[in-house]
1. Could you work out the helix-only [θ] at 222 nm for the chain, with each DSSP H run of four or more residues adding -39,500 (n - 2.57) and the total divided by the number of residues, to the nearest 500 deg cm²/dmol?
2. Give me the three principal axis extents of segment 464-529 from the C-alpha atoms, as integers in angstrom, largest value leading.
3. Can you give me the accessible area per residue for the chain, using a 1.4 Å probe, in Å²?
4. Check each of the GluC sites (Glu not before Pro) in segment 268-368 and keep only those in coil by DSSP with at most 16 other C-beta atoms within 10 angstrom; list them in order.
5. Quick check: at a probe of 1.4 Å, how many percent of the accessible area of the chain sits on carbon and sulfur atoms?
6. Obtain the radius of gyration and the Kirkwood radius of segment 5-55 from its C-alpha atoms and give Rg over Rh.
7. In nm, give the distance between the simple-model label positions of Asp338 and Asp310, each being 7 Å from the Cα along the Cα-to-Cβ direction.
8. Using the alpha-carbon atoms, what tilt in degrees (0 to 90, nearest 10) does helix 298-308 show relative to the longest principal axis of the chain?
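The values are calculated or read from the model by the stated rules, or taken from the named source; none is laboratory data. Small disclaimer: the values here were computed from a predicted structure and weren't measured. Glycine gets a Cβ as well: all are built from the backbone with ideal geometry, and neighbour counts include every protein chain shown. Accessible surface is based on the protein model in full, side chains and every heavy atom, while ligands, DNA and RNA are left aside. Shrake-Rupley method; radii C 1.70, N 1.55, O 1.52, S 1.80 Å.
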Amino acid sequence: MPVKVSVVIPVYNPGAYIEDCIASLRRQSLPPDEYEAIFVDDGSTDDTPARLDELAAGDPRFTVVHQENSGWPGKPRNVGIDRARGEFVLFVDNDDYLGDEALERMYDYAVAHGSDVVVGKMAGKGRPVPVELFRRDHPRATVGNAPLIDSLTPHKMFRRAFLDRIGLRFPEGRRRLEDHVFVTEAYLRAENISVLSDYVCYYHVKRDDAANAGFRRFDPVGYFKNLREALDIVEKYTEPGPLRDRLFRRWLRNEMVERMRGKRLLNLPEDYRRELFAEIRGVVVERFGPGVAAGLQPTQQVVAALIADDRLDDLVEFAGWEASIAPKARPEGVEWCDGSLLIGLSAEFVSRGTPLTFPAGATATGLDGPPASVEDAVGWVSAHSAARFGDATVDVLLRERSSAAQYFQPVEFTRETVPADEDGRVRLVLRGTATVDPARAAGDSALGAGLWDVFVRVKVGGWTKECRLGPVPTKGSTAGDAGVVGGRVVLPYWTAKQGSLALDVDRAGKRLGLGRLTPGQVAVAGDRVEVAVPFHVPADTPVRLRLTRVTGTSSMEASGTLSPKGSIALLDAAPPVGAIRGAAWRVALSPAPGVPEPRFHPLPFALQVTAGQVRAVRPPRPGVAERLVRGAGQLLSRLAAGLGVRRT
């Protein structure tokens with residue numbers, strides 16, 4: 001079988017951090033004979049070479065190449081390209097890992113759309129990743145119609161024939177931004193680029209020891225010399241004009257302006273700050289025309305203008321003002337409706353906890369040269385933000401806590417100008433309602449089991465920032481009943497530490513509220529049992545009951561149905577009367593029997609058949625032996641969960 005995908009992994013002293021990468025490669029859904037993994041060991045001095053040799057000896061999918069240390073990932077990646085047998089090549093760093101279906105999905109997507117490059121959705125575990133790029137699938141993307149230029153890391157899939165046809169390889173040696181040079185040229189010369197956004201393909205991980213190459217302090221002179229090489233690629237393959245300005249804007253914004261802004265600037269040692277500023281200003285003055293900075297957000301325009309005007313002290317003062325500004329999102333209701341969770345919210349920017357105010361009736365004007373003072377800069381940003389409030393947006397994202405996978409949720413919102421004081425200043429408030437359908441909330445798929453935090457992304461004027469939804473005073477409490485939707489049990493709750501909104505999917509136990517039921521609430525009619533339970537269900541939903549004999553270990557299952565009844569659900573079940581005669585049987589409910597290994601939740605009553613009639617009774621307290629067995633089982637379950645390999 002021809003190899004479809006070759007995964008190339010440059011390796012240098014990763015230690016145990018490589019294990020997640022290896023495990024994810026082993027778990028790929030693509031058939032084993034259709035992909036290969038090529039580890040290029042760049043002169044590691046730890047135990048990694050022996051680990052990789054052992055791996056390759058036991059698995060034909062894995063190949064190891066050993067070479068002398070080259071100083072940076074460029075050469076190892078090039079060696080991997082030359083050794084690759086696959087139709088496509090995917091680059092993975094040794095401390096990152098893939099989604100289980102990444103290779104299969106990316107390959108199929110590339111074939112379906114004739115792609116030279118496939119950009120798979122990324123999740124950042126302690127590392128920033130593009131957000132807007134992965135708002136939706138984009139099968140035919142270009143640098144002109146999609147924010148591709150926001151993603152210049154090499155963790156993408158490239159058609160091998162395309163790389164060979166244009167002779168594209170990574171710059172080699174000890175240097176920075178070799179991936180910018182490579183990826184930028186690929187974007188500008190590919191016949192088609194596809195963005196796959198409905199599945200997290202790549203997990204970008206910040207190591208606990210912060211030893212990732214990208215987190216080390218860099219030499220500004222060498223860094224910006226290498227950055228100019230990426231700009232050279234843009235100039236080589238584009239004409240002067242709006243597109244080139246838009247592409248250049250990415251480096252001005254990310255590599256220069258953002259380093260000279262807010263807390264990031266203030267936290268730099270003064271000597272390094274001045275050295276960095278000098279190199280950044282050199283590139284700005286030398287390479288960027290006025291059209292590049294004009295497309296930035298207002299605050300970024302101010303920073304770019306102060307850089308060009310050689311005013312570092314004013315930059316520091318402006319950074320102090322900006323560092324105090326943060327988004328604030330307040331919850332305004334959480335409720336279930338027809339199988340979806342409706343989350344009401346309001347959002348605005350605050351400064352040191354106080355709502356930020358803006359001039360009423362302001363008009364938007366261009367930044368005509370650098371502001372005369374920091375006070376003028378603040379005034380211009382405030383006026384521009386108020387005048388362009390009609391462009392403000394709010395988004396809601398669900399982010400899975402353990403993996404950092406995140407997905408946009410539908411939001412309807414309005415913009416509200418709220419009077420703030422007698423001087424005519426106003427607050428700019430966004431009010432909205434997000435609709436979370438657990439059956440489709442993860443890229444049109446059901447939410448996976450785990451904890452999902454709710455994040456709000458606010459764009460007003462010069463800022464695009466995100467925050468958690470909250471806090472509320474009732475930390476650690478539920479935000480409503482659980483919903484049984486899409487084969488999952490979804491419980492909204494307020495986190496214990498921050499009081500922000502999160503969703504517990506298929507993990508909650510006591511917080512579901514089933515322990516509040518009593519035998520007296522159970523209605524029996526013939527051989528049928530009915531009881532109201534605190535769940536939201538959008539329609540009749542099949543469930544399973546597990547009946548366990550109070551004395552002994554015998555158990556059996558029965559089917560039931562949860563039906564909507566106002567804001568709660570009615571459980572209707574027909575236990576096997578003939579099989580449970582002569583003893584009391586504890587009852588446990590699995591509200592989502594469609595998931596693998598469904599979880600059964602104990603109900604606080606037992607069923608007993610007396611004179612042919614079913615009745616609900618209070619179950620006897622478990623004996624010592626039974627409690628020991630149950631405790632051991634729970635302990636083993638927790639240990640298994642703690643030792644389990646991460647699934648994506």
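1. -8500 deg cm²/dmol
2. Principal-axis extents of the Cα atoms in segment 464-529, largest first: 61, 27, 15 Å.
3. Heavy-atom SASA per residue in the chain reads 43 Å².
4. Listed in order of number, the matching sites amount to none.
5. With neighbouring chains kept in place, the figure for the chain is 50 percent.
6. Across segment 5-55, the Cα-based Rg/Rh ratio is 0.97.
7. 6.4 nm
8. 30 degrees
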